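Note sheet for the following structure.
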Amino acid sequence: MKKLMILSLALLTGASAFGQPQRPGPPAGGAQKQEYPARMTPQMTEIMEPEVTIISPGEQPGMAPSDAIVLFDGSAGIIEREWQDSRGNPTKWILQDGALVCVKGSGVIQTKRKFNDFQLHIEWKAPAEVIGDGQGRGNSGVYLQGLYEVQVLDSYNNKTYRNGQAGSLYKQYAPLVNASRKPGEWQSYDIIYTAPRFANDTTTYFTPPRVTVLHNGVLIQNNVSLRGPTLYIGMPEYSVKKHGAEPLVLQDHGNPVAYRNIWIREL
Ligand code: MG
């Protein structure tokens, strides 16, 4: 019994039954002295190829880097080229002082291109003249893949439900802080979006959509995991019609919210 206990202990500790550590020795019959296992050098963990792709960052923070797709640069031509209404017709949103402005009742505006994972920069401005309150004040929205709304709202001294204010993932996640500027001032969202992956049954997320948002440079959503498409009424579910790449959509909520400097990088 005592012998058996010693043997068990030896196996557990890696020692031989004679108390010597068991290490693999050099190959049998080899005259050369070889260190085993091979000793690590710094170079063994340094990856040289392929080289990381070189791009040019924007000249100023918030400006498009060289590998971005510019979706709006203040010109009329780009609206026609990149945007349409939900039926595929030219949008009725207007170009005003270099900004793309929502026209009440004109419906959403959406990109002609479709996207999966991306980094998006978008700037927006609630009307300087404050009309209405709560959800009725400077309301629009950035719909990621046309399904998941990052709320645009004048949330400067404007009380509403916390999971519906500016920078919320509407009715799912309140922003971590309220980083709103005054109405009439330009604000920015930088959004990093990972599209959902679907399980085989086609109605269940294998991995849900994930979203990070910076509002005026401040982190307000930290890689949150969505429960489903944005709903006004009811609880979102991890159950959704399977989708692939989808357009970016801007909401018409009846307020003349303006947009400018919109660019996106596919990831
Ligand atoms: Mg909205």
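Quick rundown of the values:
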quantity: Extension gain, ASN216 back to LEU267 (0.36 nm per residue minus Cα-Cα distance, nm); calculated: 16.2 nm
quantity: Under 5 Å, built H, 5+ apart or other chain: amide partners of VAL257; calculated: CYS102
quantity: Residue exposure sequence - TRP263, TRP186, TRP124 - by fewest surrounding Cβ within 10 Å; calculated: TRP186, TRP263, TRP124
quantity: Estimated FRET transfer efficiency when R0 is 35 angstrom, pair ASN89-HIS243 (beta carbons, to 0.05); calculated: 0.95
quantity: Pairs beyond 26 Å (Cα-Cα), from LYS112/LYS242; LYS92/LYS171; LYS92/LYS159; LYS104/LYS182; LYS125/LYS159; calculated: LYS92/LYS171; LYS92/LYS159
quantity: For a label point 7 Å along the Cα-to-beta-carbon line of SER66, residues of segment 108-141 with backbone N under 18 Å; calculated: none
quantity: Extension gain, GLU49 back to TRP186 (0.36 nm per residue minus Cα-Cα distance, nm); calculated: 45.1 nm
quantity: Exposure proxy order (Cβ contacts within 10 Å, fewest to most) of GLU149, GLU46; calculated: GLU46, GLU149
quantity: FRET efficiency estimate (nearest 0.05) - Cβ-Cβ, VAL224 to LYS112, R0 41 angstrom; calculated: 0.90
quantity: Two-site FRET efficiency, VAL177 against MET40, from Cβ-Cβ distance with R₀ of 35 Å, rounded to 0.05; calculated: 0.20
quantity: Separation of the VAL130 and TYR161 label points, Cα + 7 Å toward Cβ, nm; calculated: 2.3
quantity: Over the chain: helical MRE at 222 nm, DSSP H runs n ≥ 4 each giving -39500 (n - 2.57), nearest 500; calculated: -2000 deg cm²/dmol
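A short reminder: the numbers here are calculations on the coordinates, not readings from a lab. Please read all numbers here as calculations on a predicted model, not as lab measurements. Backbone-built Cβ (ideal geometry, glycine too); neighbour counts: all protein chains shown.
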